[in-house]
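The values are calculated or read from the model by the stated rules, or taken from the named source; none is laboratory data. Keep in mind the model is a prediction, meaning the values are calculated, not measured. Cβ coordinates were reconstructed from backbone atoms using ideal geometry, including for glycine residues, and neighbour counts include every protein chain displayed. These area figures cover heavy atoms from the full protein model, side chains too; ligands, DNA and RNA do not enter into them. Shrake-Rupley method; radii C 1.70, N 1.55, O 1.52, S 1.80 Å.
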Amino acid sequence: MRFWKRAATLQIGSNRYDMANLFFTFEVPFEDSEELGSATIKAYNLSPATRSGIKKGQVVILNAGYEGDVGTIFTGKVSRVTSKKEGTEWITTITASEALEEWLSSEVNKTYAAGSKASTIVNDLLNIFGLEVGTMELAVDKEYPRGKVCKGKVKNLVTEIVTLDCKSRFLIRNGVITINDPSKGVNMGYNLSPSTGLLRATEETEDTPVTTNQTTIDDGGEAQETTYKRSCLLNYHIGPADIVQITSNSLNGKFLILSGTHRGSPTGDWKTDIEVKSA
């Protein structure tokens, strides 16, 4: 990776911009959950016609990385746009969400026969949902002896069946659905180390390895989960539910990414923050 050559492109509707020609910043939070991913983009000094032409529902594609290695970190649609003049500059703030129309509008009213399995029902509902399915592997394929009535928003029905009935992960990432065992990762094998962009943690020193700061999450029961926060140079390869190998003075091993944020600016932050747990 060529860390010193930042590169990014932004598509809004039919218009495509390069960071070399348009000053824009972005913040893309992500998490390993069924919640929709979002992005906040600030574009500076767009023309009046361009500002007024940005509408809710337009496609937003954000690619970022380094010269010669650029990839997608967000795909969605505009959910809100505002423009404000600050001093001599016009700043247009665009909020976008993944799968916005599918999430809000897809509805169904169907009855599935006695003995139907969750995999059959979910596959049928996903066809109605209309998004690409990358992985469909239920941790538990529940059977419904009396059948099942599915009435309402597809996203609510799929989320209920997948996460509650089948104890599985339901994740939408860059417009692609992943359903699998939540103990497993989505992508695996990327190594984060100082040589691949891992940034020094605040508790590390130049000379002495120290114990990693830990955040303990109590889920209300006896089990507790220890998580670790790390930062690296912006990396489009990693995202929610990925398993990464972290190699540093204070942390070594395989970890599952729970959440994080990609942040970018031509002159400011250009990094990916992540929170992980042992895989």
Problem set entry | Candidates ILE274, ILE257, ILE243, filtered to the one that is in contact with a Phe, Trp or Tyr (Cβ under 8 Å, 6 or more places away or on another chain) and β-branched (Val, Ile, Thr) | ILE243
Problem set entry | Members of the stretch 12-33 found to be open to solvent by less than 60 Å² (accessible area, probe 1.4 Å) and under 20 Å from LEU100 (Cβ atoms), listed by number | ILE12, GLY13, PHE26, VAL28, PRO29, PHE30, SER33
Exercise. What do you reckon, is VAL186 touching a strand residue (DSSP E or B) at 6+ places or on another chain (Cβ under 6 Å) and buried (at least 20 other Cβ atoms within 10 Å of the Cβ)?
Worked result: yes
Exercise. Would you call LYS110 surrounded by 16 or more Cβ atoms within 10 Å (Cβ to Cβ), in contact (Cβ under 8 Å) with a residue 24 or more places away in the chain and among the basic types (Lys, Arg)?
Worked result: no
Exercise. Can you name every residue in the stretch 129-164 that is more than 23 Å from the chain's Cα centre (by Cα), of a type in the set (Val, Ile, Thr) and within 20 Å of PRO182 (Cβ to Cβ)?
Worked result: VAL140
Exercise. Looking at GLY134, GLY87, GLY130, which one is surrounded by fewer than 16 Cβ atoms within 10 Å (Cβ to Cβ), more than 24 Å from ILE54 (Cα to Cα) and of a type outside the set (S, T, N, Q)?
Worked result: GLY130
Seminar exercise, completed: Flagged in the stretch 69-128 as of a type in the set (Val, Ile, Thr) and within 21 Å of the chain's Cα centre (by Cα), in numbering order, are VAL70, THR72, ILE73, THR75, VAL78, VAL81, THR93, ILE94, THR95
Seminar exercise, completed: Checked the stretch 236-254 for anything in contact (Cβ under 8 Å) with a residue 12 or more places away in the chain, open to solvent by 10 Å² or more (accessible area, probe 1.4 Å), part of a strand (DSSP E or B) and not basic (Lys, Arg); matches are ILE243, GLN245, THR247, GLY253
For this session: Go through the residues of the stretch 39-62 one by one and say whether even a single one is assigned to a helix (DSSP H, G or I), closer than 27 Å to SER105 by Cα, open to solvent by 20 Å² or more (accessible area, probe 1.4 Å) and not charged (D, E, K, R).
Result: yes
Exercise. Which condition number in (1) of a type in the set (S, T, N, Q); (2) in contact with a Ser or Thr (Cβ under 8 Å, 6 or more places away or on another chain); (3) open to solvent by 40 Å² or more (accessible area, probe 1.4 Å) is the one that THR93 fails?
Worked result: (3)
Problem set entry | Residues that are open to solvent by 20 Å² or more (accessible area, probe 1.4 Å) and either of a type in the set (Phe, Trp, Tyr) or part of a strand (DSSP E or B) (or both), drawn from the stretch 64-84 | ASP69, VAL70, THR72, THR75, LYS77, SER79, ARG80, VAL81, THR82, SER83, LYS84
